[in-house]
Amino acid sequence: MSDNDTIFGKIIRREIPATIVYEDDEILGFNDVSPQAPAHVLFIPKNTVIPTLDDAEPGDAALLGRLMLAAAEYARRQGFHQNGYRVVMNCREDAGQTVFHLHLHLLAGAPLGHFGAIGR
Ligand code: 5GP
């Protein structure tokens, strides 16, 4: 367990339950406990904790790319690629980041509207 341990570390270690929908050597995907769309999956690195996107370094480029590709692969498997989907990564307070283990949100399954509203 590292100093950067979060609730997502517990999910990786199966210490708390989550509905895991995607897993490979580097990435875990599980349903968000508070879904904001019919499908809302979080993709996280399993073997390293990067607290925020702002903490990512050039050496993390491949891992960041794999997070995107894992989301795209999952979306394709589920058929979400046909109508589309959204991926989002929140960074720190103004974006509403609450878990400081970098993660990519995949939102899908319905028209999502346009985002960008301030102060909601
Ligand atoms: P953030 O706001 O940091 O970008 O996203 C964190 C997400 O983690 C939120 O959407 C929140 O609902 C989700 N979350 C927080 N705690 C848990 C948990 O214990 N289990 C699961 N599956 N999701 C969680």
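The values are calculated or read from the model by the stated rules, or taken from the named source; none is laboratory data. Remember, predicted model here, so these are calculated numbers, not experimental data. In this analysis, Cβ positions are derived from the backbone assuming ideal geometry, glycine residues included, and neighbour counts consider all displayed protein chains. Areas reflect the complete protein model, heavy atoms only, side chains present, ligands, DNA and RNA absent. Shrake-Rupley method; radii C 1.70, N 1.55, O 1.52, S 1.80 Å.
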* Square roots of five times the Cα gyration tensor eigenvalues for the stretch 1-53, Å -> 19, 12, 12
* Asked: Percent of alpha carbon pairs in the chain separated by more than 23 Å?
  -> 28
* Structure fact -> Scoring the stretch 7-108 by relative contact order with C-alpha pairs under 8 Å, at least six apart, yields a percentage of 31
* Structure fact -> Given unit charges at Cβ for Lys, Arg (+) and Asp, Glu (-), the dipole magnitude of the chain about its Cα centre in debye, nearest 20, is 540
* To do: Work out how much length N4 to T52 would gain on full extension: take 0.36 nm times their residue separation and subtract the Cα-Cα distance, in nm to one decimal.
  => 16.2 nm
* When Lys and Arg each count +1 and Asp and Glu each count -1, what net charge do the other residues less than 11 Å away from D24, Cβ to Cβ, add up to? -> -2
* **Accessible area per residue, Å², the stretch 7-108 with all protein chains present, probe 1.4 Å** => 55
